[in-house]
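Engineer: This structure is in structure tokens; I'll ask about it shortly.
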Amino acid sequence: DAAMYAAKRSGRGHFRVYNLELDTQARDAELRRAVENDELVVHFQPVVDLHGGDRTAVEALVRWNHPTRGLLMPGAFIDLAEETGAVIPIGEWVLRDACRQAAGWRAEHPGLDELYVSVNLSARQVVQADLVATIRDILDETGFPADRLVLELTESVVLQPDDQTVERLNTLREMGIGISVDDFGTGYAALSYLRTLPVTVLKMDRSFVTGIDTDPGTYAVAEAVVRLAQAYQLYVVAEGIETAEQARCLVEMGCTYGQGYYFARPMPGSAVLEHLVTRGSATVTP
Ligand code: C2E
Ligand code: MG
Ligand code: MG
Ligand code: MG
């Protein structure tokens with residue numbers, strides 16, 4: 001009614017919006033400072049050859065070692081970073097740190113020559129005009145080989161890429177970099193981009209792995225993803241494998257690679273290096 005309308009217009013609403021914006025700005029500033037102060041940490045989760053058990057790749061996953069709140073997962077800050085654009089410097093930092101660490105492992109352990117390092121790229125990064133130059137610089141600077149790097153893009157990026165984005169992805173692919181579609185199956189039904197973009201890997205979303213051993217419908221969808229990857233001659237990595245039974249189902253349907261707590265959790269660089277050296281890394285080429 002009229003009284004309520006007057007109350008809403010009284011400025012309290014504006015005050016609240018103003019506070020929210022201020023909060024976003026403050027959190028964004030804190031996040032950007034964290035990047036500069038090296039408060040971010042990269043953890044790595046192994047990707048496993050489901051047949052032989054070899055560790056063929058590691059995925060770099062960012063964490064924030066917050067001075068007062070402890071170790072924060074991406075869920076606590078990555079949405080805000082997407083919104084404000086802070087995900088661009090964060091992503092660059094993660095790529096550089098992951099390549100630097102992995103180049104160090106390679107120098108010490110010839111057995112890790114074949115290991116792939118997979119890094120998540122936000123939609124914001126992919127539309128940057130200087131993306132290719134940035135990645136080239138990081139590879140030069142760290143000495144990490146382009147043909148061992150895989151970039152993980154979400155379906156929202158690959159669905160309707162503009163011409164320059166397609167060109168950037170083609171250039172990265174020509175450099176030898178792998179292109180992976182993350183959380184595959186969750187975004188859109190359109191699959192035409194698989195023919196027009198230089199995709200090399202599908203990462204089957206965890207939602208298709210959870211229940212794969214108990215729900216025939218889920219099993220059928222997961223199998224369809226595997227067949228699709230085979231048809232397009234793409235590597236397929238199943239995400240979020242938590243049990244031996246899930247792993248067994250995936251092997252049964254011909255899925256070649258997997259990642260999940262059942263095999264190994266994300267861990268700091270020093271720990272993953274020890275894990276890779278003791279468990280045996282890749283000799284195959286995904
Ligand atoms: P993602 O790229 O799909 O990464 C997989 C997520 O699943 C990771 O969560 C990983 O810890 C988790 N996971 C792995 N195995 C299992 C499992 O068996 N069970 C369950 N329940 N979860 C599992 P995390 O590290 O919290 O990262 C969440 C998301 O944040 C990532 O999803 C990715 O979208 C984003 N992210 C992480 N690091 C970066 C980054 O450096 N840049 C960008 N742009 N995004 C990132
Ligand atoms: Mg990923
Ligand atoms: Mg994923
Ligand atoms: Mg996922």
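The values are calculated or read from the model by the stated rules, or taken from the named source; none is laboratory data. Please read all numbers here as calculations on a predicted model, not as lab measurements. Every residue, glycine among them, receives a Cβ derived from its backbone with ideal geometry; neighbour counts consider all protein chains shown.
Engineer: Taking segment 237-286 as the search range and keeping residues that are modelled with pLDDT of 95 or more and basic (Lys, Arg), which one is farthest from ligand 2 (Cβ to nearest atom)?
Structural biologist: My answer is ARG248.
Engineer: Sticking with this structure for a sec: The conditions are (1) in a strand (DSSP E or B); (2) within 16 Å of ligand 4 (Cβ to nearest atom), and ILE212 fails exactly one of them. Which is it?
Structural biologist: (1)
Engineer: Within the set of pairs 6 or more residues apart or between chains, which connect a residue that is of a type in the set (Ser, Thr, Tyr) inside segment 56-70 to a residue that is in a strand (DSSP E or B) with Cβ atoms less than 6 Å apart?
Structural biologist: What qualifies is THR56/VAL47; THR56/ASP49.
Quick grid of which residues meet (1) out of contact with any Gly (no Cβ under 7 Å at 6 or more places or on another chain); (2) surrounded by fewer than 17 Cβ atoms within 10 Å (Cβ to Cβ):
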{"site": "LEU172", "(1), (2)": "yes, no"}
{"site": "ILE179", "(1), (2)": "yes, no"}
{"site": "SER192", "(1), (2)": "yes, yes"}
{"site": "ARG195", "(1), (2)": "yes, yes"}
{"site": "VAL201", "(1), (2)": "no, no"}
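Engineer: Follow-up question, since we're still on this one. Which of the residues belonging to segment 108-153 are more than 16 Å from ligand 3 (Cβ to nearest atom) and charged (D, E, K, R)?
Structural biologist: Matches in segment 108-153: GLU108, ASP113, GLU114, ARG124, ASP130, ARG136, ASP137, ASP140, GLU141, ASP147, ARG148.
Engineer: Quick check on my filter: what residues within segment 47-59 are more than 14 Å from ligand 3 (Cβ to nearest atom) and either assigned to a strand (DSSP E or B) or surrounded by fewer than 16 Cβ atoms within 10 Å (Cβ to Cβ) (or both)?
Structural biologist: Scanning segment 47-59 gives VAL48, ASP49, HIS51, GLY52, GLY53, ARG55, THR56.
Engineer: Turning to a different aspect of this structure: Within the bounds of segment 60-75, is there any residue that is surrounded by 13 or more Cβ atoms within 10 Å (Cβ to Cβ), in a helix (DSSP H, G or I) and either among the hydroxyl-bearing types (Ser, Thr, Tyr) or at pLDDT 95 or above (or both)?
Structural biologist: yes
Engineer: Have a look at VAL132, VAL117, VAL150, VAL94 and point out the one that is buried (at least 19 other Cβ atoms within 10 Å of the Cβ), part of a helix (DSSP H, G or I) and among the β-branched types (Val, Ile, Thr).
Structural biologist: One residue alone meets the criteria, VAL94.
Engineer: Are there any pairs, at least 6 apart or on different chains, whose C-beta atoms fall under 9 Å, with the first in segment 121-141 and closer than 18 Å to ILE78 by Cα and the second hydroxyl-bearing (Ser, Thr, Tyr) and in a loop (DSSP other than H, G, I, E, B), and if so, which?
Structural biologist: Once the first residue is closer than 18 Å to ILE78 by Cα and sits in segment 121-141, no partner that is hydroxyl-bearing (Ser, Thr, Tyr) and in a loop (DSSP other than H, G, I, E, B) comes close enough.
Engineer: Can we say ASP213 is more than 16 Å from ligand 2 (Cβ to nearest atom), under 21 Å from TYR261 (Cα atoms), charged (D, E, K, R) and touching a Ser or Thr at 6+ places or on another chain (Cβ under 9 Å)?
Structural biologist: yes
Engineer: Considering only segment 225-244, I want to know if a residue exists there that is touching a residue at least 60 places away in the same chain (Cβ under 8 Å) and away from ligand 1 (no atom under 11 Å from the Cβ).
Structural biologist: No, because not a single residue in segment 225-244 is touching a residue at least 60 places away in the same chain (Cβ under 8 Å) and away from ligand 1 (no atom under 11 Å from the Cβ).
Engineer: Looking only at segment 35-84, count every residue that is among the basic types (Lys, Arg) and more than 10 Å from ligand 1 (Cβ to nearest atom) and tell me the total.
Structural biologist: The qualifying residues number 2.
Engineer: If you scan segment 227-264, which residues turn out to be touching a Leu at 6+ places or on another chain (Cβ under 8 Å), part of a helix (DSSP H, G or I) and buried (at least 20 other Cβ atoms within 10 Å of the Cβ)?
Structural biologist: The answer is ALA229, ALA247, LEU250.
Engineer: Kindly establish whether PRO161 is assigned to a loop (DSSP other than H, G, I, E, B) and closer than 15 Å to ALA123 by Cα.
Structural biologist: Yes: the conditions hold for PRO161.
Engineer: Here is a further query. Taking interchain pairs and intrachain pairs at least six residues apart, which have beta carbon atoms under 8 angstrom, with the first residue in segment 195-214 and among the hydroxyl-bearing types (Ser, Thr, Tyr) and the second assigned to a loop (DSSP other than H, G, I, E, B) and away from ligand 1 (no atom under 14 Å from the Cβ)?
Structural biologist: Filtered contacts from segment 195-214: THR200/LEU234.
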